[in-house]
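The values are calculated or read from the model by the stated rules, or taken from the named source; none is laboratory data. Please read these numbers as outputs of a predicted model, since none were measured by experiment. Counting neighbours? That spans all protein chains shown, and the Cβs are built from the backbone with ideal geometry, glycine included.
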Amino acid sequence: MLNVKNVNAGYGKFQALFDVSLEVAAGEAVAVIGPNGAGKSTLMRVISGMIPAMTGTIELEGRSVLDAPPHEIVGMGLAHVPEHRRLFHGLTVDENLRMGCFKPQFRARFEERREFVYELFPRMMERRDQVAGTMSGGEQEMCAIARALMSDPRILLMDEPSAGLAPVIVHQVFDLVEQVRSKGLSVLIVEQNVNQVLRVVDRAYILESGSLHSEGTAEELLQSKEIQKSFMGM
């Protein structure tokens, strides 16, 4: 599905990623975990075309996305739920969903996709005419995921979906990840809540100082003494 190989990237003269390689198979959920400043969000932005890679390759279902602009990458089947959600706070839920169908190829399927996301997230149906900026943090995250799903992606990138949310809401957000997976989508998720994310993914990569430190199955990493000490305070 997604294959990232030896990617180097950064901002101007500052290099944030060093020879990063990872893959996500069809129907698989994979996490990237690591401390603040490790380069996790940069990795997501490179994959979705928001910033260019210096070197390396990125392929989606065998097609290179390395030089494609973000809107074309969306058309190739990849959607990105950015950190802090980036909703249009002055627009309603329904209007935000419409923005997820901005490309002409998606507009004809707006009603179909909206019905899909409202069935997946009934609360969004209840809030459809509510201004997005007036909803709770958890509801806004749900809206951001729903908006990304409007383009009918085959892989969903989620950047820190639990950031800034109360602990009780965090559980609801990770339930959303499992709901998305139940529809057969592949998921690549960046998250600092290691204990929670490892319970909803198949595998995870550990990113430190812009380089991959290690990887393993979710079960292996949950049992790892190093992971427990470094990320779970145990």
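Structural remarks
- Residue check, residue 94 at negative phi, buried (at least 22 other Cβ atoms within 10 Å of the Cβ) and at pLDDT 90 or above: no
- You will find that of 71, 80, the residue that is surrounded by fewer than 17 Cβ atoms within 10 Å (Cβ to Cβ), closer than 17 Å to residue 157 by Cβ and under 20 Å from the mean Cα position of the chain (by Cα) is 71 and no other.
- Flag: residue 206 does not match the condition of being hydrophobic (A, V, I, L, M, F, W, C), buried (at least 21 other Cβ atoms within 10 Å of the Cβ), part of a helix (DSSP H, G or I) and touching a residue at least 60 places away in the same chain (Cβ under 8 Å).
- Test: residue in the range 179-187 that is at pLDDT below 90, in a helix (DSSP H, G or I), surrounded by 15 or more Cβ atoms within 10 Å (Cβ to Cβ) and not hydroxyl-bearing (Ser, Thr, Tyr): yes
- When residue 9 is tested against the conditions (1) under 24 Å from residue 192 (Cβ atoms); (2) loosely packed, with under 15 Cβ neighbours inside 10 Å, the lone failure is (2).
- Of everything listed in (1) surrounded by fewer than 18 Cβ atoms within 10 Å (Cβ to Cβ); (2) modelled with pLDDT of 90 or more; (3) not in a helix (DSSP H, G or I), the single unmet condition for residue 163 is (2).
- Scope the range 115-153; condition under 12 Å from the mean Cα position of the chain (by Cα) and of a type outside the set (A, V, I, L, M, F, W, C); matching residues: 141, 153
- Flag for residue 175 being without any contact (Cβ under 8 Å) to a residue 40 or more places away in the chain and in contact with a strand residue (DSSP E or B) (Cβ under 6 Å, 6 or more places away or on another chain): no
- Subset of the range 24-46 (residues that are over 14 Å from the mean Cα position of the chain (by Cα) and modelled with pLDDT of 95 or more): 25
- Only a single item in (1) at pLDDT below 90; (2) exposed (fewer than 15 other Cβ atoms within 10 Å of the Cβ) is not met by residue 126, and it is number (1).
- Any hit, the range 133-145, residues being out of contact with any Ser or Thr (no Cβ under 6 Å at 6 or more places or on another chain), modelled with pLDDT of 90 or more and not in a helix (DSSP H, G or I): yes
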